[in-house]
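Structure record follows, encoded as structure tokens.
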Amino acid sequence: MEVETPLSGQNMQPFLKVEKLVKGYERKNVTGSREKLLALDGVSFTVAQGTTLAVVGESGSGKTTLGFCISCLEIASSGSIWFEGRDIVALAEDERRQVRPRIQLIFQDPSNSLNPRWSVKEILLEPLTLQGKLNREEMKQRVAALMTQVGLSSDMFQRLPAQLSGGQRQRLAIARALALEPKLLILDEALSALDCSVQAQIANLLMELQRILGMTYLFITHDLAMAAHLADEMVVMNRGRVVEQGPTQRVLQHPTEEITKQLLAAMPSLNNAARPPLEP
């Protein structure tokens with residue numbers, strides 16, 4: 001299916017445009033011969049700036065591979081990823097390194113991406129130090145502002161990740177991603193490891209950051225209920241392909257594909273309508 005996601009505004013140009021994206025891997029089978037697996041098989045969609053696209057599907061549908069390709073952590077086999085007018089797939093590695101800070105990826109378990117031996121302050125200083133654009137005092141001010149922005153108090157500066165709660169670690173991961181002032185955040189199951197109350201808090205934080213900073217989100221999830229709250233548009237993936245896409249409420253209330261209906265059946269609260277909006 002190669003229909004593109006409609007843009008929220010008629011005059012808005014695509015901020016992110018994925019065209020016929022393919023990602024293949026080779027592996028040895030039981031006989032010792034090599035076989036090719038397609039993690040992505042002709043994926044196409046667009047995302048308007050300042051909106052959220054939810055990418056939903058079962059485990060193994062290609063969602064995470066898609067996030068890796070867009071964030072330049074994997075190189076697509078073919079196809080195009082247009083980001084701010086440039087095709088990431090066609091860029092040389094040195095050009096791709098310039099793009100990476102503008103696209104940040106936040107994972108399900110922040111513990112895997114946070115250095116356990118570094119303090120909160122050191123974790124937030126690292127990307128600023130590597131970027132080399134600010135002096136010491138400016139970096140100190142930037143770190144303090146980031147902490148405030150994500151709802152962390154300054155008395156946590158010297159704590160290690162293990163001394164933070166799950167929600168606090170995810171806030172820290174978001175703050176570190178924001179340090180480089182990205183334009184696109186890819187959230188790969190970023191809420192699924194949290195309990196419901198903390199999920200709501202982080203979801204509200206993300207919506208507030210989007211409102212203030214004009215962020216664009218790619219929200220990768222298997223949780224259709226949370227996708228209903230956060231996403232303007234939705235893409236449903238199955239076996240590396242986009243099988244259904246459109247405005248979130250239309251997809252949830254009038255699904256046309258069997259896999260979408262199966263996902264909805266696993267979420268009773270979405271059989272007829274989405275849950276009430278999250279409270280701030």
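The values are calculated or read from the model by the stated rules, or taken from the named source; none is laboratory data. Please read all numbers here as calculations on a predicted model, not as lab measurements. With ideal geometry, Cβ positions are generated from the backbone for all residues, glycine too; neighbour counts draw on all protein chains shown.
Quick rundown of the values:
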quantity	calculated
Pair list, Cβ < 9 Å and 6+ apart or interchain, from region 99-117 residues that are among the hydroxyl-bearing types (Ser, Thr, Tyr) and surrounded by fewer than 17 Cβ atoms within 10 Å (Cβ to Cβ) to residues that are in a loop (DSSP other than H, G, I, E, B) and at pLDDT below 85	none
Pair list, Cβ under 6 Å, 6 or more apart: region 193-218 residue on the phi < 0 side of the Ramachandran plot, other residue among the hydrophobic types (A, V, I, L, M, F, W, C) and surrounded by fewer than 18 Cβ atoms within 10 Å (Cβ to Cβ)	200/278; 203/278; 204/278; 215/209
Which listed residue is assigned to a strand (DSSP E or B), at pLDDT 90 or above and β-branched (Val, Ile, Thr), from 212, 202, 220	220
Selected residue (only one of 146, 152 is part of a loop (DSSP other than H, G, I, E, B) and at pLDDT 90 or above)	152
Test: residue in region 72-79 that is over 19 Å from residue 37 (Cα atoms), of a type in the set (Val, Ile, Thr) and modelled with pLDDT under 95	no
Cβ pairs under 8 Å, 6+ apart, first in region 237-258 and within 21 Å of residue 39 (Cβ to Cβ), second of a type in the set (A, V, I, L, M) and part of a helix (DSSP H, G or I)	237/66; 238/259; 243/259; 244/251; 244/259; 245/251
All positions within region 207-230 that are in contact with a strand residue (DSSP E or B) (Cβ under 7 Å, 6 or more places away or on another chain) and closer than 27 Å to residue 38 by Cα	217, 218, 219, 220, 221, 222, 224, 227
Residue count for region 118-159, restricted to those that are under 28 Å from residue 195 (Cβ atoms), loosely packed, with under 13 Cβ neighbours inside 10 Å and among the polar types (S, T, N, Q)	4
All positions within region 223-237 that are buried (at least 22 other Cβ atoms within 10 Å of the Cβ) and either in a strand (DSSP E or B) or modelled with pLDDT of 95 or more (or both)	231, 233, 234, 235, 236, 237
Matching entry among 162, 175 (being crowded, with 21+ Cβ neighbours inside 10 Å, hydrophobic (A, V, I, L, M, F, W, C) and either over 13 Å from the mean Cα position of the chain (by Cα) or not in a loop (DSSP other than H, G, I, E, B) (or both))	175
Flag for residue 74 being surrounded by 14 or more Cβ atoms within 10 Å (Cβ to Cβ) and not in a helix (DSSP H, G or I)	yes
Any hit, region 254-266, residues being under 25 Å from residue 16 (Cα atoms), under 15 Å from the mean Cα position of the chain (by Cα) and at pLDDT below 95	no
